[in-house]
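Visitor: I have a structure I would like to understand better, so I am pasting it below and will then ask my questions one at a time.
The values are calculated or read from the model by the stated rules, or taken from the named source; none is laboratory data. Because the structure is predicted, anything quoted here is derived from the model rather than measured. Counting neighbours? That spans all protein chains shown, and the Cβs are built from the backbone with ideal geometry, glycine included.
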Amino acid sequence: MSYVCGRSSNKIVHRNDCRYVKLIPKKNRKPFSTVEEARREGYSCCKYCSHIWKYVGREKNELDDYCVKNGLSYSFNRTDGFLDIDSRQDRWKVIVSGKRHHIFLYHRNTKISLTPERTLVPGFHSQKAISQTILGYMKYISEHDEYVEELTKAHKKKSKPVKGTKRYWKMVRREKKSVRRKQIRNVLGLIERMSENNYMEGVR
């Protein structure tokens with residue numbers, strides 16, 4: 001598959017079968033062999049000809065209805081060409097991969113590993129959940145959020161341990177770890193936002 005773009009300030013790259021390619025005069029077209037090559041030159045992905053947005057198009061009404069009822073939101077990320085999903089607890093990504101264009105779910109990392117796994121989505125780790133629809137992944141995300149919230153409620157219901165006991169010091173260590181996780185999550189989120197802002201400034 002080849003990619004083309006026009007000589008315009010928005011720097012959007014299209015698949016060669018995109019309907020918007022027809023609007024670009026042939027003399028103004030710039031070809032790319034891969035989308036990664038276009039990204040290295042500061043181009044963003046076209047939402048309308050991306051494989052992930054075709055999935056969205058087939059499910060859009062169901063997705064919008066489910067998001068309203070369950071507190072989710074989704075958007076196309078022009079920087080990486082993936083679908084961002086924000087839940088009550090965290091951020092997720094749905095990507096298209098493979099010759100058959102299957103979709104896969106990734107969850108944002110909450111801690112920094114000294115030996116990070118190789119992943120198609122930097123800063124995210126793959127999920128074992130498999131679905132042929134984005135709606136299926138959204139339901140999985142909601143179930144994940146409910147599980148995390150139930151754990152949090154159960155933890156809060158426990159009576160506080162007596163100061164100085166083993167249970168007390170275990171609680172202190174657990175709370176410190178929780179604070180560190182939140183701090184790391186905030187730093188990762190800040191780095192991600194700064195990277196996106198720097199990329200968009202470079203595009204302009």
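Visitor: Filtering segment 140-180 down to residues that are among the small types (Gly, Ala, Ser) and modelled with pLDDT of 80 or more, which residue is surrounded by the fewest Cβ atoms within 10 Å (Cβ to Cβ)?
Guide: Looking at residues that are among the small types (Gly, Ala, Ser) and modelled with pLDDT of 80 or more, I get 164.
Visitor: So, residue 135, is that one under 13 Å from the mean Cα position of the chain (by Cα), modelled with pLDDT of 90 or more and either within 29 Å of residue 14 (Cα to Cα) or surrounded by 12 or more Cβ atoms within 10 Å (Cβ to Cβ) (or both) or not?
Guide: no
Visitor: May I ask you to list the residues in segment 44-58 that are hydroxyl-bearing (Ser, Thr, Tyr) and surrounded by fewer than 19 Cβ atoms within 10 Å (Cβ to Cβ)?
Guide: Within segment 44-58, just 48 meets the criteria.
Let's see how each residue does on (1) exposed (fewer than 12 other Cβ atoms within 10 Å of the Cβ); (2) in contact with a helix residue (DSSP H, G or I) (Cβ under 6 Å, 6 or more places away or on another chain); (3) over 28 Å from residue 146 (Cα atoms); (4) acidic (Asp, Glu):
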residue	(1), (2), (3), (4)
39	no, no, yes, no
60	no, no, no, no
66	no, yes, no, no
83	no, yes, no, no
95	no, no, no, no
98	yes, no, yes, no
121	no, no, no, no
126	no, no, no, no
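Visitor: Looking only at segment 45-74, how many residues end up being closer than 20 Å to residue 101 by Cβ and polar (S, T, N, Q)?
Guide: So the answer is 1.
Visitor: Separate question: Report yes if residue 13 is at pLDDT 85 or above and assigned to a helix (DSSP H, G or I), otherwise no.
Guide: Details: at pLDDT 85 or above: yes; assigned to a helix (DSSP H, G or I): no.
Considered against the rule, which asks whether it is at pLDDT 85 or above and assigned to a helix (DSSP H, G or I), residue 13 comes out as no.
Visitor: Next up: Can you name the number of the only condition in (1) assigned to a loop (DSSP other than H, G, I, E, B); (2) surrounded by fewer than 13 Cβ atoms within 10 Å (Cβ to Cβ); (3) modelled with pLDDT of 85 or more that residue 8 fails?
Guide: With respect to (1) assigned to a loop (DSSP other than H, G, I, E, B); (2) surrounded by fewer than 13 Cβ atoms within 10 Å (Cβ to Cβ); (3) modelled with pLDDT of 85 or more, residue 8 is out only on (3).
Yes/no per residue for (1) touching a residue at least 12 places away in the same chain (Cβ under 8 Å); (2) more than 22 Å from the chain's Cα centre (by Cα):
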{"position": "12", "(1), (2)": "yes, no"}
{"position": "19", "(1), (2)": "yes, yes"}
{"position": "32", "(1), (2)": "yes, yes"}
{"position": "40", "(1), (2)": "no, no"}
{"position": "43", "(1), (2)": "yes, no"}
{"position": "46", "(1), (2)": "yes, no"}
